[in-house]
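The values are calculated or read from the model by the stated rules, or taken from the named source; none is laboratory data. This is a predicted model, so every value here is computed, not measured. Counting neighbours? That spans all protein chains shown, and the Cβs are built from the backbone with ideal geometry, glycine included.
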Amino acid sequence: MRVYVPLTLHGLAEAHKAGQLGPAPLDAYAVTPALREWYVSDDTEELEYAALGQAALGSLRKLAAEPQAPRRRVVVAVDVPDGAVTVDPDRGPDWSAFGEVRLEASVPLKKAAAVHVDAGDAEEDVAAAAAALGAADQGDDDAQFTVDGAEDHELMWFGVQEIPNLI
């Protein structure tokens, strides 16, 4: 199963140093039944892209909690056995939780398929989105517009061997 682990650049540096994503449990995103229902598509690539987008929002939440981190969203795509992932069936209908899963064990970084990171030109919009996230969660439409501005930036794809250059 492909899962998407949201991080910050600091978190990516720590994972690189440790050689693993962890410690467990780790919050991640994947194509879950709830995500399929919410996204209303049978196209696997579209669903994977939606899970990546949910993980990018998860990374934005980490950035909001870590003000000293560079303002770039980071998502690591890893392949894990289906049994390594759990879905919380009691999770409410919060759209930001669609696709959310939990990894019960640390994942060796060598299992990563790719790293997705914002380009430098996204930093201003990502910084504004991270600052507006709390207000957007409270229903502020202007703040939500700002958060959506970060989503206008596509995450770039990098191979795992490029992590040292990213950090």
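What residue, among those in the range 40-89 that are of a type in the set (Ser, Thr, Tyr) and in contact (Cβ under 8 Å) with a residue 12 or more places away in the chain, is farthest from residue 22 (Cα to Cα)?
Among them, the one singled out is 44.
Which numbered condition trips up residue 106, out of (1) more than 16 Å from residue 25 (Cβ to Cβ); (2) touching a strand residue (DSSP E or B) at 6+ places or on another chain (Cβ under 9 Å)?
Every listed condition holds for residue 106 apart from (1).
Are any of the residues in the range 133-146 on the phi > 0 side of the Ramachandran plot and either surrounded by fewer than 17 Cβ atoms within 10 Å (Cβ to Cβ) or over 14 Å from the mean Cα position of the chain (by Cα) (or both)?
Yes: one or more hits.
At pLDDT 90 or above, buried (at least 22 other Cβ atoms within 10 Å of the Cβ) and not hydroxyl-bearing (Ser, Thr, Tyr), is that true of residue 61?
For residue 61, the condition - at pLDDT 90 or above, buried (at least 22 other Cβ atoms within 10 Å of the Cβ) and not hydroxyl-bearing (Ser, Thr, Tyr) - is not met.
Would you mind finding the one in 77, 56 that is under 13 Å from the mean Cα position of the chain (by Cα), under 20 Å from residue 151 (Cα atoms) and in a helix (DSSP H, G or I)?
So the residue among 77, 56 that is under 13 Å from the mean Cα position of the chain (by Cα), under 20 Å from residue 151 (Cα atoms) and in a helix (DSSP H, G or I) is 56.
For the range 116-167, which positions are polar (S, T, N, Q) and not in a helix (DSSP H, G or I)?
Scanning the range 116-167 gives a single hit, 138.
Taking the stated definitions as given, is residue 123 farther than 23 Å from residue 38 by Cα, surrounded by fewer than 17 Cβ atoms within 10 Å (Cβ to Cβ) and modelled with pLDDT of 90 or more?
Here the answer is yes, as residue 123 does meet what is asked.
Please name all residue pairs, on different chains or six or more residues apart, with Cβ atoms under 8 Å, provided the first residue is in the range 134-158 and is closer than 15 Å to residue 64 by Cβ and the second residue is surrounded by 15 or more Cβ atoms within 10 Å (Cβ to Cβ) and of a type in the set (Val, Ile, Thr).
As it stands, the answer is 136/146; 136/147; 150/126, since those pairs meet every condition given.
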